[in-house]
Amino acid sequence: MNAVANYNFAYLDEQTKRMIRRAILKAVAIPGYQVPFSSREMPMPYGWGTGGVQVTASIIGPDDVLKVIDQGADDTTNAVSIRAFFAKVAQVATTTHTAEATIIQTRHRIPERKLEAGQILVYQVPIPEPLRFLEPRETETRKMHALEEYGLMHVKLYEDIARHGRIATTYAYPVKVEGRYVMDPSPTPKFDNPKMHRSEALQLFGAGREHRIYAVPPHTDVVSLDFEDHPFEIQHFEQPCALCGAEGVYLDEVILDDRGGHMYVCSDTDHCEERRDAGFVGVLGMQEAAE
Amino acid sequence: MSDEPLLKVSNLTKFYGSRLGCADVNFELYPGEVLAIVGESGSGKTTLLNTLSANLEPTSGEALYRMRDGSWRNIYELSEAERRFLTRTDWGFVHQNPADGLRMTVSAGANVGERLMAVGDRHYGCIRDTALDWLGRVEIATDRIDDQPRSFSGGMRQRLQIARNLVTGPRLVFMDEPTGGLDVSVQARLLDLLRQLVGELGLSAIVVTHDLAVARLLSHRMMVMKGGHVIEAGLTDRVLDDPREPYTQLLVSSILQV
């Protein structure tokens, strides 16, 4: 056999893609429900996004433009590797610009720029079951989902308040989808939870090791769980991005030296670059320009 | 006590394959009544309790339960959703080993509050106040509310388990050897507490025990089981003071005297 005989568009064989597409269709039909699928071995270790890569491989076409982010950044190992992977096995165009992308595979962030109709956001999910750490039995958690018994989820939030005085869960914050299924939005910061609510883009979640796919179709209600007297809140940052001066975005802390120096910069690198190109300058960005 | 029973059990039989668990059990339980099931190990007590509490499917027979709306339902014909709702609101189950009935990794307050949250209570302050109230009623210091049951003594765990079960105001509580594994002074306090709560709340209870002293203190009526069959039933004092069956006589005479 020669190399060409072994080649198939986007790495997976067509039967596998059909199987995954069926799971995706079912997931879209039942928002927030975890659909089991026969996850394949991928040429990368578990935890690197095998679920997300399989979903992307199943939905990508030759005309798609792919963007891959890891914690908001386009230039980290995971993002660069997966982007290069699809550039090689599917010869698709890749981009770092959110607006140009038709498929965005993400590890733990939602881009700051509002997603539009026609875009698809693919999440890499490590543990799809929001009840897992409270109830280790899979048979029991499935039953709890089936019977809509979600009191346990609030036990976790209760514990947070009892221990910390507030809901201290900051990522993988549980949400209720379309008033029915409680879903783990993958370990995105809770800052991003409101972006999922009634989003125009299709959101697909793939968990490779756990063999689960779930989805939030466009214009679907996604409500974060909370208590009446302790309502859901997102993180707030005291200062704007040090490079582009953006406010109301999610910031990462960057250590600058070994004397306690640090700065806060946009976690979404594309958003930060676009703003700087447009002439916005932050506190430290100014110094850089002056030097 | 009201005139209408809460639970009517007829011809309840449970086989494990070809092996008998319990057979042909018939009784009625009235509101506010405590029924003890006694017998030696392997006599079918726990099988009967697990079948009555719908943890096990009976081989034949039925158990009719009077719901809060007054309608009679066979508990084995309820849908799974209805049954699970019933077991966490209108019923309680106190396990012999508190670790089976508690969540050992969440705080005492959350353990008590779980049932409230399960039925849709979403106000943290209210849930916590209720939890504090219940910890007080089962004599657990209220400053232990944020401690995990892991750090509690055996007696405290058992009392916490009772509070967790009673918080939704159940009408029927199943108890499987509630005082097993506790030392005698703690047993006495727990029995005192149980008796008081059962009286205050007008609970019905079915208590499985091999300890006749527990049955004497807690229960109004008792059933003696042997080899899966109920061999004698009646008022607790009558059965213990004037046992009719040879086996019951043996059981009563085996109580250690100090």
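The values are calculated or read from the model by the stated rules, or taken from the named source; none is laboratory data. All values reported here derive from a predicted model rather than from experimental measurement. Heads up, the Cβs are rebuilt from the backbone with ideal geometry, glycines too, and the neighbour counts pull from every protein chain shown.
Is it fair to say B:Glu177 is acidic (Asp, Glu) and within 26 Å of B:Ala108 (Cα to Cα)? So B:Glu177 passes the test.
Here is the figure for segment A:56-91: residues that are in contact (Cβ under 8 Å) with a residue 40 or more places away in the chain and either within 21 Å of A:Arg209 (Cβ to Cβ) or not charged (D, E, K, R) (or both) total 14.
Filtered by the rule that a residue be acidic (Asp, Glu) and more than 8 Å from every other protein chain (Cβ to nearest Cβ), segment B:102-134 gives B:Asp121, B:Asp129, B:Asp133. Against the conditions (1) away from every other protein chain (no Cβ under 12 Å); (2) more than 29 Å from A:Ala146 (Cα to Cα), B:Asp147 satisfies every one except (1). The set of residues in segment B:94-133 that are part of a loop (DSSP other than H, G, I, E, B), surrounded by 19 or more Cβ atoms within 10 Å (Cβ to Cβ) and hydroxyl-bearing (Ser, Thr, Tyr) contains only B:Ser107.
Residues are listed down the side, and each one gets a yes or a no for (1) touching a Pro at 6+ places or on another chain (Cβ under 7 Å); (2) touching a residue at least 40 places away in the same chain (Cβ under 8 Å); (3) under 26 Å from B:Ala81 (Cα atoms):
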| residue | (1), (2), (3) |
| --- | --- |
| B:Gly125 | no, no, no |
| B:Asp133 | no, no, no |
| B:Arg150 | no, yes, no |
| B:Gly169 | no, no, yes |
| B:Leu172 | no, yes, yes |
| B:Val184 | no, no, no |
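Of all residues in segment A:163-177, one or more are part of a strand (DSSP E or B), away from every other protein chain (no Cβ under 14 Å) and among the aliphatic types (A, V, I, L, M). For segment B:51-88, which positions are within 11 Å of another protein chain (Cβ to nearest Cβ) and either touching a residue at least 60 places away in the same chain (Cβ under 8 Å) or in contact with a Lys or Arg (Cβ under 7 Å, 6 or more places away or on another chain) (or both)? Residue satisfying the conditions is B:Arg88 alone. Residue count for segment B:1-43 under the criterion of being in contact (Cβ under 8 Å) with a residue 40 or more places away in the chain and among the acidic types (Asp, Glu): the result is 4. So A:Glu148 fits all but one of (1) within 14 Å of another protein chain (Cβ to nearest Cβ); (2) assigned to a loop (DSSP other than H, G, I, E, B); (3) more than 30 Å from B:Leu132 (Cα to Cα); what number is the exception? Of (1) within 14 Å of another protein chain (Cβ to nearest Cβ); (2) assigned to a loop (DSSP other than H, G, I, E, B); (3) more than 30 Å from B:Leu132 (Cα to Cα), only one is false for A:Glu148: (3). Among the residues making up segment A:45-55, those that are under 27 Å from A:Asp252 (Cα atoms) and either in contact (Cβ under 8 Å) with a residue 12 or more places away in the chain or part of a helix (DSSP H, G or I) (or both) are A:Tyr46, A:Gly47, A:Trp48, A:Gly49, A:Thr50, A:Gly51, A:Gly52, A:Val53. Scanning segment B:149-176 for residues that are closer than 22 Å to B:Val214 by Cα and of a type in the set (Lys, Arg), we see that the one that is nearest to the chain's Cα centre (by Cα) is B:Arg171.
Looking only at segment B:135-144, residues that are within 14 Å of another protein chain (Cβ to nearest Cβ) and either in contact with a Phe, Trp or Tyr (Cβ under 9 Å, 6 or more places away or on another chain) or buried (at least 21 other Cβ atoms within 10 Å of the Cβ) (or both) come to 2 in all.
Answer yes or no as to whether A:Glu129 is more than 9 Å from every other protein chain (Cβ to nearest Cβ), of a type in the set (Asp, Glu) and in contact (Cβ under 8 Å) with a residue 12 or more places away in the chain. Here the answer is yes, as A:Glu129 does meet what is asked.
For segment B:1-93, which strands (runs of 3 or more DSSP E) that fit wholly inside it have 1 or more residues that are over 30 Å from A:Leu147 (Cα atoms)? Talk me through it step by step, then tell me what you get.
On the way: elements: B:7-16, B:19-29, B:34-39, B:60-66, B:72-74.
It comes to B:7-16, B:19-29, B:34-39.
Of the numbered criteria (1) surrounded by fewer than 22 Cβ atoms within 10 Å (Cβ to Cβ); (2) in a strand (DSSP E or B), the one B:Phe174 fails is (1). For segment B:14-27, check the following and say yes or no: at least one residue is modelled with pLDDT under 95, farther than 19 Å from B:His220 by Cα, surrounded by fewer than 13 Cβ atoms within 10 Å (Cβ to Cβ) and touching a His at 6+ places or on another chain (Cβ under 8 Å). No, because not a single residue in segment B:14-27 is modelled with pLDDT under 95, farther than 19 Å from B:His220 by Cα, surrounded by fewer than 13 Cβ atoms within 10 Å (Cβ to Cβ) and touching a His at 6+ places or on another chain (Cβ under 8 Å).
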